[in-house]
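Visitor: Sharing a structure with you now.
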Amino acid sequence: MLDIQIEQATLNDCEVITEFNIQLAQETEAKSLNRELVRTGVVESLGDARGCCYYVARYQERVIGQVMFTREWSDWRNGEFWWFQSVYVDPTFRRQGVFQQLSAHVQSLAQSNPDVVGLRLYVEQENERAQATYRQIGFDFPGYQVMEKMLER
């Protein structure tokens with residue numbers, strides 16, 4: 001495993017997070033995103049004003065990975081689920097434990113917060129490699145499928 005530091009992201013990390021999110025959309029969904037729209041969304045996220053938080057993995061001062069989590073209230077469980085989102089590791093550093101360290105950090109934060117009852121994430125149906133990685137750290141399919149309806153803006 002690489003000797004990395006996990007830190008809460010700051011505005012100084014905005015550009016690399018924006019770039020990683022653009023690469024993530026291209027790699028996983030073949031979508032081209034609007035850089036300025038993504039950047040604005042990242043800035044909103046970094047202040048936790050939207051109920052989410054980014055963490056980055058640094059190796060020799062360079063950001064090599066990221067994870068964001070968002071909060072979802074569950075009235076059925078009287079607690080929060082933290083959703084892993086915007087998970088990305090620089091291709092040069094994949095398969096070296098970067099995501100495992102990022103997820104372990106967020107899970108530790110969740111374990112220490114009595115309001116958090118579980119962790120969730122989205123994964124593409126065809127992305128078997130990511131699914132295997134997520135299973136290795138304890139995630140499983142709960143039997144739900146995600147549906148969405150996008151609003152025209």
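Visitor: Can you say whether Arg135 is closer than 23 Å to Lys31 by Cβ, surrounded by fewer than 18 Cβ atoms within 10 Å (Cβ to Cβ) and modelled with pLDDT under 95, as far as the supplied structure shows?
Guide: On the way: closer than 23 Å to Lys31 by Cβ: no; surrounded by fewer than 18 Cβ atoms within 10 Å (Cβ to Cβ): yes; modelled with pLDDT under 95: yes.
Judged against the criteria, Arg135 is not a match.
Visitor: With respect to Gln23, determine if the residue is touching a Pro at 6+ places or on another chain (Cβ under 9 Å) and within 25 Å of Gln131 (Cβ to Cβ).
Guide: The answer is yes for Gln23.
Visitor: Kindly indicate the residue of segment 58-76 that is aliphatic (A, V, I, L, M) and within 14 Å of Ile4 (Cα to Cα) and also surrounded by the most Cβ atoms within 10 Å (Cβ to Cβ) among those meeting that condition.
Guide: Step one: list which residues in segment 58-76 are aliphatic (A, V, I, L, M), which gives 63-64, 67-68.
This time we only want the ones that are within 14 Å of Ile4 (Cα to Cα), so: 63-64.
Values: Val63: 21, Ile64: 23.
Only one residue tops the list, namely Ile64.
Visitor: Going through segment 1-12 one residue at a time, which ones are out of contact with any Lys or Arg (no Cβ under 9 Å at 6 or more places or on another chain) and surrounded by 17 or more Cβ atoms within 10 Å (Cβ to Cβ)? Steps first, please.
Guide: Step one: list which residues in segment 1-12 are out of contact with any Lys or Arg (no Cβ under 9 Å at 6 or more places or on another chain), which gives 1-3, 8-12.
The one that is out of contact with any Lys or Arg (no Cβ under 9 Å at 6 or more places or on another chain) and surrounded by 17 or more Cβ atoms within 10 Å (Cβ to Cβ): Ala9.
Visitor: Residues of segment 71-116 being closer than 17 Å to Gly51 by Cβ and in a helix (DSSP H, G or I), which ones? Show your work before the answer.
Guide: Of all residues in segment 71-116, those closer than 17 Å to Gly51 by Cβ come to 71-75, 79-86, 106, 109-110, 113, 115-116.
Residues satisfying the conditions are Val106, Leu109, Ala110.
Visitor: With respect to Gly47, determine if the residue is small (Gly, Ala, Ser) and closer than 20 Å to Arg120 by Cα.
Guide: Details: small (Gly, Ala, Ser): yes; closer than 20 Å to Arg120 by Cα: no.
Answer is no for this residue.
Visitor: Hey, among the residues in segment 117-128 that are without any contact (Cβ under 8 Å) to a residue 40 or more places away in the chain and in a loop (DSSP other than H, G, I, E, B), which one's surrounded by the most Cβ atoms within 10 Å (Cβ to Cβ)?
Guide: Top of the filtered list is Val123.
Visitor: Among the residues of segment 58-70, write down those that are without any contact (Cβ under 8 Å) to a residue 24 or more places away in the chain and either part of a loop (DSSP other than H, G, I, E, B) or basic (Lys, Arg) (or both).
Guide: Listed by number, the residues that qualify are Gln60, Glu61, Arg62.
Visitor: So, one more: Out of Ser74, Ser32, I need the residue that is within 22 Å of Gln107 (Cα to Cα) and of a type outside the set (Val, Ile, Thr). Which one?
Guide: Numbers: Ser32 fails: within 22 Å of Gln107 (Cα to Cα).
Just a single option satisfies the conditions, and that option is Ser74.
Visitor: Next question. When you check Gly97 against the structure, is it of a type in the set (Gly, Ala, Ser) and either more than 17 Å from Glu27 (Cβ to Cβ) or modelled with pLDDT under 95 (or both), yes or no? Break it down into steps so the answer makes sense when it comes.
Guide: On the way: of a type in the set (Gly, Ala, Ser): yes; either more than 17 Å from Glu27 (Cβ to Cβ) or modelled with pLDDT under 95 (or both): yes.
Criteria met by Gly97.
Visitor: Taking the options Gln85, Gln100, name whichever one is in contact (Cβ under 8 Å) with a residue 12 or more places away in the chain, surrounded by 10 or more Cβ atoms within 10 Å (Cβ to Cβ) and in contact with a Cys (Cβ under 8 Å, 6 or more places away or on another chain).
Guide: Of the residues listed, the single one that is in contact (Cβ under 8 Å) with a residue 12 or more places away in the chain, surrounded by 10 or more Cβ atoms within 10 Å (Cβ to Cβ) and in contact with a Cys (Cβ under 8 Å, 6 or more places away or on another chain) is Gln85.
Visitor: Within segment 18-57, take every residue that is in a helix (DSSP H, G or I) and hydroxyl-bearing (Ser, Thr, Tyr) and give me the one that is surrounded by the fewest Cβ atoms within 10 Å (Cβ to Cβ).
Guide: Of segment 18-57, the ones in a helix (DSSP H, G or I) are 18-29, 35-46.
Right, trim to hydroxyl-bearing (Ser, Thr, Tyr) and you get 18, 28, 40, 45.
On the way: Thr18: 20, Thr28: 16, Thr40: 13, Ser45: 22.
Out of the qualifying residues, it is Thr40.
The values are calculated or read from the model by the stated rules, or taken from the named source; none is laboratory data. Just so we're clear, the structure is a prediction, and the values are computed from it rather than from any experiment. Note that we place each Cβ from the backbone using ideal geometry, even for glycine, and neighbour counts take in every protein chain shown.
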